[in-house]
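For reference, the structure is listed below as structure tokens.
Read the figures in this text as sums done on the coordinates, not as results from a lab. Just so it is clear, the structure is predicted and the values come from calculations on it, not from any experiment. Cβ atoms come from the backbone with ideal geometry, glycine included; neighbour counts cover every protein chain shown.
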Amino acid sequence: MPIQKVGVVGCGLMGSGIAQVAAQSGFATVVREVSQEVLDKGLKGIEKNLARLVEKGTITEAARGEIRGRLTGTTKLEDFKDCDVVVEAIIEQLPVKRELYAALDGICKPATIFASNTSSLTIIEMATATKRPQRFVGLHFFNPVPVMKLVEVVKSIATDDAVYEEMVEFGAKLGKTPVRASDSTGFIVNRLLVPYLLDAIRALEEGAGSITDIDNSMKLGCGYPMGPFTLLDFVGLDTTYYIADIMFNEFRERRFAPPPLLKRMVLAGWNGRKSGRGFYDYADPTNPKASNL
């Protein structure tokens, strides 16, 4: 049976984006959060995004109504019982994810495909919490989901080939460009991106250049849309630290090891844009200044 109904677990930054894209792509979509308050916040964010698309002329007012009509919010896992695919986008902690999947495994129909939006954990570690590892894949979207065109479709050693191909096709139906990735920590993008970001921090620690000079060097010298420190602040230093730690524990290679400066900044709560300070100080968000480190 073709995929008709999509479930999304988590209505935070990533989950709300995935739910929005699914509903925009014509799928009946149910999105779940742990509380009504958090759910309402996520749904309001989706509504703001859709209103912005109407203002830009990207979609019509009638289309916005249709998209919103395909989207349902819930706080109950039981509402996923008739979904054809369930995409999980919750906290990046393996025990919590395994607990969720074990619960979903007893609720969803046997044909339901499970997909994790994890950016760093291996898929098989989550799949083994269920009785359907053959119907389990990774679907790693990028932030902001409605804008970014890539999705990494991850196949574990247990994923059925036909299920995998179906999910590659599903990624395309969501308007994304699917890339096929193996179940190796960090997949493709973070496997290449994280060492680059960490090496930029090491270059700063070793006095190769200032924050702004290193950022400008990569923007103007390599044509990158933003420098590594601007990107680190956007992604979140705590997020980068967590992902790097997972990758270092997996591969035991220095290129994945979080530099001391990154650890100190995370301990200080300097997590980037979301905290108001990282490699840049966002006291004036329109004119960030390089932090004095």
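Ordering of 10-22, 157-169, 103-115, 49-61 by packing is 10-22, 103-115, 157-169, 49-61, highest average first (other Cβ atoms within 10 Å, averaged per residue).
Could you tell me the ratio Rg/Rh of the range 190-290? Both radii from Cα atoms, Rh via Kirkwood.
Value, to two decimals: 0.95.
Each 5 Å bin from zero up to the one holding the largest Cα-Cα distance in the range 50-176 carries the following percent of pairs: 2, 10, 18, 21, 19, 15, 8, 5, 2, 0. Summing +1 for each Lys or Arg and -1 for each Asp or Glu among the other residues whose beta-carbon sits under 10 angstrom from that of I3 gives -1. Each stretch of four or more DSSP H residues adds -39500 (n - 2.57); spread over every residue of the chain, this sum gives -14500 deg cm²/dmol at 222 nm.
Magnitude of the charge dipole for the chain, about its Cα centre and with charges confined to Cβ atoms of Lys, Arg (+1) and Asp, Glu (-1), is about 240 debye.
Translational diffusion coefficient of the range 8-106 (Stokes-Einstein, Kirkwood radius from Cα pairs, 25 °C, 0.890 mPa s): 177 µm²/s. Within the same chain, aspartates and glutamates fewer than 8 places from K41 are excluded, and of the rest, those with a Cα less than 15 Å from its Cα are E33. Dipole magnitude of the range 158-246 about its Cα centre, charges +1 at Lys/Arg Cβ and -1 at Asp/Glu Cβ only, in debye to the nearest 20? Roughly 280 debye for the range 158-246.
Put the Cα centre of the range 140-201 next to the Cα centre of the range 250-276 and the gap is 23 Å. Which is farthest toward the positive dipole end of the range 5-182 among V147, A111, Q93, measuring Cα position about the Cα centre, with Cβ charges +1 (Lys, Arg) and -1 (Asp, Glu)? The Cα lying farthest towards the positive end belongs to V147. Of all lysines in the structure, the ones whose alpha carbon falls short of 27 Å from that of K109, not counting any fewer than 8 places away in one chain, are K5, K76, K81, K97, K131, K155, K173, K176. Farthest toward the positive end of the dipole of the chain, out of I18, A51, T75, is the Cα of A51, where the dipole comes from beta carbon charges about the Cα centre. Placing unit charges on the Cβ atoms of the charged side chains and taking the dipole of the range 190-290 about its Cα centre, the candidate lying farthest along the positive direction among F229, F248, P285 is F248. The alpha carbons of the chain give a radius of gyration and a Dmax of 19.8, 58 Å, in that order.
In this Cβ point-charge picture (+1 for Lys and Arg, -1 for Asp and Glu), the range 48-105 has a dipole of about 340 debye about its Cα centre. G26 sits among other residues whose Cβ lies under 12 Å from its own Cβ, and their net charge, with Lys and Arg +1 and Asp and Glu -1, is +2.
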